[in-house]
Structure formats: structure tokens, C-alpha cells
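A quick write-up on the structure given underneath.
The values are calculated or read from the model by the stated rules, or taken from the named source; none is laboratory data. Nothing here was measured: the structure is a model prediction, and the numbers come from that model. For neighbour counting, all protein chains shown are included, and Cβ atoms are generated from backbone atoms with ideal geometry for every residue, glycine included.
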2 protein chains.
Amino acid sequence: MSSKEADRWLQAAEEAYPLAVRLLGEMVAIPSVAAQHREIPAAASYVKRSVEALGGEALIYDDLPGNPVVYGFFAAGPGGDADRTLLFYNHYDVQPEEPAEEWESPPFALTEREGKLFGRGVGDNKGDIAARLAAVDLLRRQPGGLPCNVKFMVEGEEEIGSPNLAPYVARYAESFAADACIWEFGYKDEGERQGLVAGLRGLLYLELVCKGADQDQHSLAGGYIDNPVLRLAHALSSLKDPNGEVLVAGFHDDAQAPTPEELEAVRQLPFDGEAIKRLYGLRLPLLTERSGKDPRVVTAFESLLTVCGIQGGYTGSGAKTLIPSEAMAKVEARLAAGQEPQRILELLRAHLDRHGYDDIQIRVLNDRQRGFRSDLSDPFVQLVRSTAEELYPDGVTLTPSHPGCGPMYDLGSVLQLPIVSTGIGWIGSRYHAPNENVRIADLKQGIAHIALLLSRFGGQPSTN
Amino acid sequence: MSSKEADRWLQAAEEAYPLAVRLLGEMVAIPSVAAQHREIPAAASYVKRSVEALGGEALIYDDLPGNPVVYGFFAAGPGGDADRTLLFYNHYDVQPEEPAEEWESPPFALTEREGKLFGRGVGDNKGDIAARLAAVDLLRRQPGGLPCNVKFMVEGEEEIGSPNLAPYVARYAESFAADACIWEFGYKDEGERQGLVAGLRGLLYLELVCKGADQDQHSLAGGYIDNPVLRLAHALSSLKDPNGEVLVAGFHDDAQAPTPEELEAVRQLPFDGEAIKRLYGLRLPLLTERSGKDPRVVTAFESLLTVCGIQGGYTGSGAKTLIPSEAMAKVEARLAAGQEPQRILELLRAHLDRHGYDDIQIRVLNDRQRGFRSDLSDPFVQLVRSTAEELYPDGVTLTPSHPGCGPMYDLGSVLQLPIVSTGIGWIGSRYHAPNENVRIADLKQGIAHIALLLSRFGGQPSTN
């Protein structure tokens, strides 16, 4: 479905690529690991200076708790539509490089190899910052200049769950006001289809702790001293049945029901259960093979409950005969749009109490992220999809609700705008892992897609 | 209930004490840690030489797999009964000294402090070897000499579960033939009552492993990829209900029913649930408070199932969103007399299969120990009790079936003899822990009790 215009932007992206790769190289060189408080101010300053160097305005907001948030602004050109504004959401922080010894080139030195660019953050998310800045620069050099206003929100805590972003969005809602938003990421799937995402999940992450005694007891006393590991196993079993059905009363209640359009979009997504089993070496049947549900529908719209870890008692080699003093499980609820983490927490507490586990403590590790879904019928969503279809030869998928998390709700609900995510990754980008990479061809396509999108967006009627 | 004879042996034990403490010091100096293969031959040789030095005969059996077993023999004296033989079962191996830094004196240097002797193995079990040898020596110096034949079986793998003892007992059954056996250990409880034990538990120790995938998966896929931790939690929950009732069909079937005499003996044992809760800082009610059962009866006669540990997925600090690839639990069955570990293993396997967990692997870590209970009406059991009652001023308890494990079945069933355990420990002896100790007064009482017991045993009619 490629168009002449798309081809033109693909050619132009070749010119823009040197700028993108320079910006990316300079950003990768700053090890801005939020979890380790490394080089955060340097990375924020770099983004600000880059916006300014390309002719934009930029500010660093750092008057609230948390890492600074960079505001960037490029005004519409003389031939553009000054009433239309597109906002890019990105982040300058990255994941730690560990295990460092598994990198084939230094994680903080951008390295080209076999048509790919390697380095921490090239896929998540510095490559997209570079591509977007390069696309803006490209458009500014065209006759008529930038077709609309462009804003950037570049935060520094995405990799640690954006715990402080919402207050910044609230305080600077006017600065960041826009008609629509392009989210940080996107990647091509195993069939080279470009993945667009119009919604993300909320997250509640907990530790469940069952304490039995001050210290481990000899299992001689197993006939009368209660066992926290078994007790926690019973409590976890009461939360979810072996087929994956959550048994917590009210758990799904506030989940926003999918629209027919969303259901239709989800049913168009590829899903190959056998391929997944082979790829990951799965020993067990898929839960959805037992329940008969559509895994794509479950993944998009059901609130999910997952035990991420468990520990208690003796787990070294050999036999040690004891009654554990304590057991702990990590449990996450991946929430659908419409659900409040606090409410789910209350339901879990009530469930445990009702089942006689009022002694089991719940420690909250993360209760700040809510789910969000853009309205698929919004013209902006359609525009992102149609431009992507023009540009990406192997097709496009539109996921109404990706199971991943992010502060999409914080922006979407406060700024009241549709949000779609797209980006320059591919299925082998190894986000968060050693040898993170993007393919040069994808980076160029990403620049071209943003340019095409902005050129069309400038012509759309304002909705906000 | 002290007798003149008991008082006489208590006085005589003062003379025997220097020999006992010398033997003990020399044994403690040999770090014969079976789990670490340290100094095993030296310890076996030392025991052999000690028996010989005291006028006995000794052999080291080492023609079968496992650490050598020492055979010792002292013939009845001219005034003794050469038709009667008492066997002592002991072990020369000890637990590791770790954590070494918590010892207040070197673990392998016998140290006297505040009326106690400190060192690895003083309580478990070198102190009892020393006390018994000193008692034999004491009797040999009396007019008429040793009142009966005395044999020693001193093995070197008790602390690792005596995995190779049974074949030695079978091969050398004639050498070790005796009329009765005194087992390795015994200790005074919090009320200074001397604890006698007439039975031990069997043990089956397993790892249950549930494998889901080659590696951890992102919890994005939690809607359709099955979770081994939750699956194992369900499987464990199916084995035992929250009140401690084992749900495995047939689990209790082969357990030898207690005799009225055994039940009566168990009901005479002290048990203070509130004191136990305070002592160990228990947060939860005792299982027997929920079930209404007698904890002493459960502990003595029911087969017990305990989850000793569990691990799977992410258990570090903070939140990591994943589906664990694998989960593992350590599970022990503490078996009643009459039960075969292999049969219990089959029942567990069948239970898991029947409940749909045929994918859960069972790894056997220990399936060699069976439970054993001596006949409480046996004159030897009565003799050990009555002599202890004469000697110990604060009373005696007789436990028909201690919940601990040991190779009692291997001796009792093959050699066909009654077995009672008694020894020189106290509730603060810290077996297996740093600062293991015995009280000097208990050591002297232990020598006196063995001397009194042997002097009476020589006069009893032979039963075998």
C-alpha cells in the first residue's frame, strides 16, 4: 500500500539519517540509568540542548520530586497549521547494562554491526528520540517548514515505573497541551509487520508475606506448628485456579469493556500458539487452550494476575528438615483500562481476609499505574495507521491494548488526547537485555513515518 | 526415687569422669564432618584404638560402600553373665561447625566453661561414646568385672542420614548380635526430666519440580502462558489442607497403630502449647488447636508431611514482572513405624497424577530410612526406665516414638532387639549449632546411669 509520498519521505530519511545517528550516538554515550541514579542530569541537559540546537525551545522541569522532565517545542512553519500540535512522549533514562559481560560491544558506545546499531537505549528509547528529532529537522528544512506545532515530553523515570510523572503532567498540563500524542515505542513482529499500540495496562505489584515464627523450626514439630509456605500456597491457590481463572470477587468488575471495534482489531492480530510454545520451550499447554478463550482478547482486555516469584524455607542443595519461618510471593496485577490499583488492592485484601488469611501481609511495591486505551475511531488513530500502512511494506498491526505498562493514563486522561505508540524497534531488539539493537533500515523508516505523519497531521481538522 | 545403688554409681562416676573427658577431648579434636569427608578414617581409628586401650577388641569394617563402621567388644567379666549382651549404637561423625564465627571457643578444641564442655560433637554424639566407654571401664574395675558382654557399633554417616548402614548391619548381623540396644542420644527437657526414646521416624525427602519453559517469560504473556509457581502452589495445596490434614489417599494406611500402652505413655509426656508459642514467637495458632487433635499423639504416631522450602521466579528486592520458568519445593514425609518410603513415594506420585500434575517431577533425595518402635512392654525398656528413674532426681519421660529420624529400623528389624535411647544432653545442648555443649553434671550422671543399667542388665534373663 506504499504511496509516492511515502517513497519520497523514505528517500528524504536517507538525508536525515546522519543527524539521527549522531544524536543517538551522543545520547547512548550518557549512561542515564534511572535505577542507579547515573548521569540523569547530563541526559536531560543533552535533550534540552539538542532541541535548542535544532531551532526549538526547551525547558527542564525539575521543581517536583523525581528526575527532571524535559519540555521541547518546535513551532509550526510559515506553511504549517499553528492550531495543530502533536506531542511526543519519550524518556531519556535507560535500563542497567547488566550483565555487562554479555555485550559484544561496549553498551554505552554506539556500534554499527551488520546493518544494526548496538548500545543501551538504542531501542528503548533513545533511538526514537533521535528519529523524531531528525524527522522534525527534516520537515523544518522543507518549503513551508514544519506542518504543525511539535512538542516533546521526555521524562527520566520510565524504566523505574514513572512514579513521579503524573504531578508533572498535572502542573504543566498547559505547556504539554496538544491535539494528539505519539507514544515512545514500537517494533516489528516476526512477520515484519509494524506494531502500533493504542493502549497500555495498569500495574499493581505486591509482595504477599506469611510469617509463622521468629525463626525456622525443626520439622519434628510439623505435626502441630503451622507452615507459612503451605499456607501461602493455599492463599495463592485461592486467588487463581489452575486454568488461570482469577477467583477474586470483583477483580474484573471495573475493567472497561472492549468496543466491537476493539474486539475486531484484536482478532486481526496474529497469534500462533504452537510457534510460541516452540520459541519458549513451553512444557505446559497454554492456559487458553484449557479455558477455550481467545488469548488475544485475554491479553488485551482481561485484568491479569501473575505470581512472579516465591520463596520460603530451605532451597539449597540436599535435604534440610525444617518448618520455614516465613514465605513470600511476588504478585502482579496487570490492570485493564478503567481499573484503579487501589481498588484491586482492596479486593485482594478482602479476598484473603474472607478466606481466613488475614495474617498474610500485603506490601505494595507499585500501585501508581493505571491502564489506558485510546478511542480507535479517533481520526488520529486512523491517521497513524493509514500512514504506517503507506510506509511499511510488510503491513501493520494495531493493538488496542498492549499488555505492557507505562504512564499512558497519566497523559491521556489529564491532557485529554488520543495516543498511539510507534517506533523503530524489531522483534530482535533485545530491550532491557545485553546487545540491545535497532536495524538501520528500521530507523530510517521510522524517520520517514514520523515525517509523513506530521505532514498529514498538519492538514487534519483540530479535534481538541 | 533415688536408690543407694544409684548414689554409689554417681560417686563412682566422679572417678570415671577424667577418662571420659580425656576421650571426649581427643575425639572432639578430630573434625570428622561426614558431609565434608573430613577426617573420617582418623575418627574411626581413634574409636578402635580407644576400645583396645580399655581392654576390648575392635575391628573396622570398611568392605562395603560408605564410611567405615567400628565394631567394639568387651567380654563379660568373671562375675558377669556371658550369655547377655548389650549393644551401644553411636556415631563418630559430626555436623559441620558452620557458622564458625559464632563459636565462642574453637569448635574442635574441647573447652570447659561454667560447668559445661563445649565443642562440636560433645552432645551429638562423641560425649555419649566417651561416657559409655568410661562406664564400661568403671565396671571392669569392679569386683567381678563387667556384668555382661558389651558391644559397640559406631558408624560414620549418621549426620548424613546413615545411607550405607543397613548393608553393614546385614553383613555383620552375627558380630553385632545382642539382647538389647542403647541408642545414641538423650537429653533433659526444660523441666530437667531425662528423656528416654523407644522409637524413631522414617524419612522420605523429595524435591517437587514444576517446569514451565526454557526461561522466564515476561508477564505480558500471563494471560496464556501457564505459571509453574502457581501450579506448584496448587499441587502442594492438594497434598495437605490448611489445617494440616494430609489429603493423599492411603498416606496413613501402613502406619503401625499405637498400642494402648504407647498411647498412655505419650499422654504422659509434657506439652505446653502456650510455652511453645512464646518460645518460638509463633504467629499462627497450632494446627492441633484447629484440628482438636492431641499434638503429642500426632507427633508420635501420625505420618507427617512438611514443605521445607519453596523457590521460583524473581525473589530479589523490588518488582520484576515475569512468569517464572520453574518452581521447586522441598517436601519431607516423616514416616511412622510400619511405613515404607517407597510406598509413600508411589502414593504421592499417584496423587499428583490423579490431580492432573503428572508434569511435576519428583526427585528423591532420601528414601532409605524407615520408622521403628520398640515394644514398651519389653523388660529391657522397663529396665532402662526404672534405672533412669532411680538415677535422675527430676524424673524421666519415655517417648514411644520420637519424631526424629535415624537408622533404628536398620538395627531393630535385622538384629531383632529392643532399643532405647538415652544420653547426656540437655535442652540447651545446641546440637548441630554453634557452641554445642553438654553439662559436666549430666555427663557424670550419664556414666552412672550406664553403669547402673549394665549392672542390672547382667542379671536379667536372656530374651533372645
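Tabulated data
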| quantity | calculated |
| --- | --- |
| Single residue of B:192, B:207, B:184 found to be under 30 Å from residue B:149 (Cα atoms) and not hydroxyl-bearing (Ser, Thr, Tyr) | B:184 |
| So residue A:335, is it closer than 14 Å to residue A:239 by Cβ and more than 8 Å from chain B (Cβ to nearest Cβ) | no |
| Identity of the residue in region B:292-315, of a type in the set (Gly, Ala, Ser) and under 23 Å from residue A:326 (Cβ atoms), that ends up farthest from the other protein chains (Cβ to nearest Cβ) | B:312 |
| Qualifying residue in region A:250-267 (condition: on the phi > 0 side of the Ramachandran plot and among the acidic types (Asp, Glu)) | no |
| Qualifying residue in region B:353-364 (condition: farther than 21 Å from residue B:239 by Cβ, touching a Ser or Thr at 6+ places or on another chain (Cβ under 9 Å) and not hydroxyl-bearing (Ser, Thr, Tyr)) | no |
| Members of region A:207-233 found to be surrounded by 24 or more Cβ atoms within 10 Å (Cβ to Cβ) and within 34 Å of the chain's Cα centre (by Cα), listed by number | A:210, A:229, A:232, A:233 |
| Of all residues in region B:378-397 being closer than 13 Å to residue B:86 by Cβ and of a type in the set (A, V, I, L, M), the one that is nearest to the chain's Cα centre (by Cα) | B:384 |
| Index of the failed condition, residue B:386 passing every other in (1) among the hydroxyl-bearing types (Ser, Thr, Tyr); (2) in a helix (DSSP H, G or I); (3) surrounded by 18 or more Cβ atoms within 10 Å (Cβ to Cβ) | (3) |
| Matching residues, region B:106-139, being assigned to a strand (DSSP E or B) and of a type in the set (Phe, Trp, Tyr) | B:118 |
| Meets criteria (surrounded by fewer than 18 Cβ atoms within 10 Å (Cβ to Cβ) and within 7 Å of chain A (Cβ to nearest Cβ)) for residue B:318 | yes |
| Residue check for residue B:241: at pLDDT below 95 and among the acidic types (Asp, Glu) | no |
| Which listed residue, of B:170, B:166, B:177, is within 11 Å of residue B:87 (Cα to Cα) and surrounded by fewer than 24 Cβ atoms within 10 Å (Cβ to Cβ) | B:177 |
| Helices (runs of 4 or more DSSP H) wholly inside region B:170-276 that include at least 3 residues being within 13 Å of chain A (Cβ to nearest Cβ) | B:228-239 |
| Region A:388-406 residues that are within 30 Å of residue A:205 (Cα to Cα) and more than 14 Å from every other protein chain (Cβ to nearest Cβ), paired with ones that are in a loop (DSSP other than H, G, I, E, B) and of a type in the set (Lys, Arg) (beta carbon under 6 Å, 6 or more apart) | A:397/A:193 |
| Filter result (outside any strand (DSSP E or B) and either under 17 Å from residue A:39 (Cα atoms) or touching a helix residue (DSSP H, G or I) at 6+ places or on another chain (Cβ under 6 Å) (or both)) within region A:93-105 | A:93, A:95, A:96, A:97, A:98 |
| Checking residue B:107 against (1) in contact with an Asp or Glu (Cβ under 8 Å, 6 or more places away or on another chain); (2) under 18 Å from residue B:185 (Cα atoms), the condition it does not meet | (2) |
| Where residue B:82 falls short, out of the listed (1) touching a strand residue (DSSP E or B) at 6+ places or on another chain (Cβ under 7 Å); (2) in contact (Cβ under 8 Å) with a residue 60 or more places away in the chain; (3) surrounded by 14 or more Cβ atoms within 10 Å (Cβ to Cβ) | (3) |
| Hey, residue A:385 more than 30 Å from residue A:247 (Cβ to Cβ), in contact (Cβ under 8 Å) with a residue 40 or more places away in the chain and within 14 Å of another protein chain (Cβ to nearest Cβ) or not | no |
| Test for residue B:372: is it surrounded by 21 or more Cβ atoms within 10 Å (Cβ to Cβ), of a type outside the set (D, E, K, R) and in contact with a Phe, Trp or Tyr (Cβ under 8 Å, 6 or more places away or on another chain) | yes |
| Condition broken by residue A:430, with the remaining ones in (1) among the charged types (D, E, K, R); (2) over 17 Å from the mean Cα position of the chain (by Cα); (3) surrounded by fewer than 24 Cβ atoms within 10 Å (Cβ to Cβ) satisfied | (2) |
| The lone exception for residue A:119 - which of (1) on the phi < 0 side of the Ramachandran plot; (2) buried (at least 20 other Cβ atoms within 10 Å of the Cβ) it fails | (1) |
| Some residue of region A:137-148 being under 19 Å from the mean Cα position of the chain (by Cα) and not aliphatic (A, V, I, L, M) | no |
| Among (1) among the hydroxyl-bearing types (Ser, Thr, Tyr); (2) over 24 Å from residue A:366 (Cα atoms); (3) at pLDDT 95 or above, the one test that residue A:168 misses | (2) |
| Some residue of region A:205-214 being closer than 30 Å to residue B:315 by Cα and either of a type in the set (Phe, Trp, Tyr) or in the same structural domain as residue A:416 (by TED's automatic domain parsing) (or both) | yes |
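For (1) within 14 Å of chain A (Cβ to nearest Cβ); (2) under 21 Å from residue B:57 (Cβ atoms), each residue gets a yes or a no:
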position	(1), (2)
B:103	no, no
B:109	no, no
B:116	no, no
B:120	no, no
B:145	no, yes
B:161	yes, no
B:168	no, yes
